[in-house]
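The values are calculated or read from the model by the stated rules, or taken from the named source; none is laboratory data. Because the structure is a prediction, the values reported are computed rather than measured. Counting neighbours? That spans all protein chains shown, and the Cβs are built from the backbone with ideal geometry, glycine included.
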Amino acid sequence: MEKNLKTKETKTQAIQRQIFDGRKVVIIGSRENKPTALVRIRYNNTDTNGTQKWRIIIDNEEYRTSEIKINCPTRTLTEKFEEIGEKHHIVCDAKEVIFEKNIATIY
């Protein structure tokens, strides 16, 4: 008898699916229980229909969304990656990120 092997969904994939489903997802601080988390924002140039226009990176986990509302101070950041080169971000130290109806609101 063969076992039905299914790829297990990661926590990040499960959260992303909930975001696309329009559910409310709240991410508070970081996984290390810091009061704030560095949130990186990048445009997603591979989006084809507007539902994944923005990439939001929190604690090295990426989430995609159609729109972002930012309610905290922001700045720019340029990072160098050995294999890729330079990447430019809009960043903020966020206390909370709420995804609802595929829109992210950063506080």
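Laid out as a table, the results:
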| item | result |
| --- | --- |
| Qualifying residue in region 50-65 (condition: modelled with pLDDT under 95 and farther than 17 Å from Ile15 by Cα) | yes |
| Candidate set: region 41-83, residues that are buried (at least 18 other Cβ atoms within 10 Å of the Cβ) and touching a residue at least 40 places away in the same chain (Cβ under 8 Å); chosen: the one farthest from Arg23 (Cα to Cα) | Ile41 |
| Single unsatisfied condition, Ile84 versus (1) more than 17 Å from Ile27 (Cα to Cα); (2) modelled with pLDDT of 95 or more | (2) |
| Number of the condition not met by Val97 [criteria: (1) surrounded by 17 or more Cβ atoms within 10 Å (Cβ to Cβ); (2) touching a Gly at 6+ places or on another chain (Cβ under 9 Å)] | (2) |
